[in-house]
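As structure tokens, the structure follows; a few thoughts come after it.
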Amino acid sequence: MSISHETSVTDLAPKAGRSRDAAASKESLLQAAEELFGQRGFERTTIRDIGERAGVDAALIARYFGSKADLYFSAVAAEDAREQDSKGFEGLHQMADAVVSRADDHGPGPIMQALIRLDASDDIRRAALQRVRRRLVDPLVVDMTDHGVDRPELRAEIAAAAMLGISLSRSLGWFEEVRSVPKDELVALMAEALREVIGKAQDPPS
């Protein structure tokens, strides 16, 4: 019995080690994918690039995620989780602040890249649009519907397009004032303008 017990303990140790290594490799690949998809877009990021950035064998992408597209979707989901998508925003000002802060901290990420790049696949673009709708458009539609505002879908889409466009122009430096103005001042102006678009009084800046 003692030999059997010793053998079982010995057998378990490598398995636990392999499990930890697998989790670390998977997380490294996911982080590398987020960075590279955000910087280069989907088409210009290769499996080999991701493996090199992660410091692991690129063949592990097939094992852990399936395909390059599946890895992209996983990167999008990870971004959603960090931003606590299920929690939502407490008002228009907080929504605008989140969009601008994300661009300031990380530049155009995988979602924005998928929306603006002409070489993005249809599947990737649809996934990106679904994420934008879930994150920005749908909460505004629900709020406006609850308050009896007319044409909530159109108003919500205009507001989302404005927020994304402003954050992108700030990231890419299209307009000097938009690029250089302090974030809090920009967000306050965005929220003020967008309150007119959505047709109801929203939360004032705190």
**Message:** Testing residue 38 on (1) assigned to a helix (DSSP H, G or I); (2) modelled with pLDDT of 80 or more, one condition comes back false. Which one is that?
**Reply:** (2)
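Just to verify a result, which residue in the stretch 165-206, among those that are small (Gly, Ala, Ser) and in a helix (DSSP H, G or I), is modelled with the lowest pLDDT? Steps first, please.
So in the stretch 165-206, the residues small (Gly, Ala, Ser) come out as 165, 167, 169, 171, 173, 180, 188, 191, 193, 199, 201, 206.
Then drop every residue that is not in a helix (DSSP H, G or I), which leaves 165, 167, 169, 171, 180, 188, 191, 193.
Details: 165: 93, 167: 93, 169: 93, 171: 89, 180: 95, 188: 95, 191: 93, 193: 93.
Taking the candidates together, the pick is 171.
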**Request:** Give 132, 149 a once-over and let me know the one that is part of a helix (DSSP H, G or I), modelled with pLDDT of 85 or more, surrounded by 15 or more Cβ atoms within 10 Å (Cβ to Cβ) and of a type outside the set (Asp, Glu).
**Result:** 132
**Request:** Can you confirm whether the stretch 76-98 contains a residue that is crowded, with 16+ Cβ neighbours inside 10 Å, out of contact with any Gly (no Cβ under 8 Å at 6 or more places or on another chain) and in the same structural domain as residue 28 (by TED's automatic domain parsing)?
**Result:** yes
**Request:** Taking only the stretch 172-191 into account, find how many residues are over 14 Å from residue 98 (Cα atoms), in contact with a helix residue (DSSP H, G or I) (Cβ under 7 Å, 6 or more places away or on another chain) and of a type outside the set (Phe, Trp, Tyr).
**Result:** 3
**Asked** Inside the stretch 87-139, can you point out the residues that are polar (S, T, N, Q) and touching a residue at least 40 places away in the same chain (Cβ under 8 Å)?
**Response** 94, 101, 113, 121
**Item:** Residue check for residue 111: under 22 Å from the mean Cα position of the chain (by Cα), β-branched (Val, Ile, Thr) and modelled with pLDDT under 85
**Value:** yes
**Request:** Enumerate the pairs (first residue in the stretch 26-40 and of a type in the set (D, E, K, R); second residue anywhere and part of a helix (DSSP H, G or I) and surrounded by fewer than 23 Cβ atoms within 10 Å (Cβ to Cβ)) with beta-carbon separation below 7 Å, excluding pairs fewer than 6 apart on the same chain, so at least 6 apart or on different chains.
**Result:** 26/64; 34/78; 34/79; 35/53
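The values are calculated or read from the model by the stated rules, or taken from the named source; none is laboratory data. Given the structure is predicted, the values throughout are model-derived calculations rather than measurements. We place every Cβ from the backbone using ideal geometry, glycine too, and count neighbours over all the protein chains shown.
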